[in-house]
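The values are calculated or read from the model by the stated rules, or taken from the named source; none is laboratory data. Treat the numbers as computed from the prediction; the structure is a model and nothing was measured. Cβ atoms come from the backbone with ideal geometry, glycine included; neighbour counts cover every protein chain shown.
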Amino acid sequence: MKKTYSQKTSEISREWWIIDASTMPLGKLAVVIADKLMGKSKVTYTTHIDNGDYVVVINAKNLKVTGNKVTDKHYYRHSSFPGGLKDFTLAEIIERNPAIAIEQAVKGMLPKNKLQADRLARLRVFAGAEHAHTAQQPKEIK
């Protein structure tokens, strides 16, 4: 009789991946990143174990989107005070801090559970082509 394999936390092995944000649109980029952060591309994927990998995103300032999303997509933030709603377009977010746009897109594609914060902590976004994780020898995602 065969049994279903369930990975244990002691068996987790994490890899480092690097992806260029200027190669694909924001939505498709977020899908690939979320897949690597959750570990769904691994054979040992287990839903209740956080066995995902580290992902380094470079060239976030050259982020591509389709259609009119640069002007029509809005990000909201509220200060919890009356009248404290702030509204930013995607163009303003990319100009100020392009990592926010990628992190919000990936956060929306991850499951809303206790593992979400740990998975997002393994996402590293850099505006330019240089990054601080060359020592980890990340593999490139095509």
Margin query: Can you find, within region 1-47, the residue that is farthest from V65 (Cα to Cα) among those that are among the basic types (K, R) and touching a residue at least 24 places away in the same chain (Cβ under 8 Å)?
Written below: K8
Next item on the list: Mind listing whichever residues of region 90-126 are of a type in the set (V, I, T) and under 16 Å from N62 (Cα atoms)?
Entry: I93, I94, I100, I102, V125
Check: So which residues in region 101-139 are under 15 Å from the mean Cα position of the chain (by Cα), among the charged types (D, E, K, R) and not in a helix (DSSP H, G or I), if there are any at all?
Finding: K112, R122, R124
Notebook entry, point to check: In region 30-48, how many are part of a loop (DSSP other than H, G, I, E, B), buried (at least 16 other Cβ atoms within 10 Å of the Cβ) and either small (G, A, S) or touching a strand residue (DSSP E or B) at 6+ places or on another chain (Cβ under 9 Å) (or both)?
Noted result: 1
Next item on the list: Could you figure out which of (1) surrounded by fewer than 19 Cβ atoms within 10 Å (Cβ to Cβ); (2) outside any helix (DSSP H, G or I); (3) not charged (D, E, K, R) isn't true of G27?
Entry: (2)
Next item on the list: Could you tell me which of the residues D87, D118 is modelled with pLDDT of 95 or more, surrounded by 11 or more Cβ atoms within 10 Å (Cβ to Cβ) and acidic (D, E)?
Entry: D118
Next item on the list: Answer yes or no: is there a residue in region 26-42 that is at pLDDT below 95 and over 30 Å from I94 (Cβ atoms).
Entry: yes
Next item on the list: Scan region 49-67 residue by residue and report those that are surrounded by 10 or more Cβ atoms within 10 Å (Cβ to Cβ) and over 30 Å from S13 (Cβ atoms).
Entry: K61, N62, L63, K64, V65, T66
Notebook entry, point to check: Which one of these does W17 not meet: (1) surrounded by fewer than 18 Cβ atoms within 10 Å (Cβ to Cβ); (2) closer than 21 Å to L110 by Cβ; (3) of a type in the set (F, W, Y)?
Noted result: (1)
Margin query: If V70 meets every condition in (1) surrounded by 12 or more Cβ atoms within 10 Å (Cβ to Cβ); (2) among the aliphatic types (A, V, I, L, M); (3) within 18 Å of W16 (Cα to Cα) apart from one, which number is that one?
Written below: (3)
Next item on the list: Output the qualifying pairs, or none if there are none: Cβ atoms under 7 angstrom, residues six or more apart or on different chains, first residue in region 70-89 and under 20 Å from P25 (Cα atoms), second residue assigned to a helix (DSSP H, G or I).
Entry: V70/L90; V70/A91; T71/A91; K73/L90; Y75/I93; Y75/Q104; T89/T71
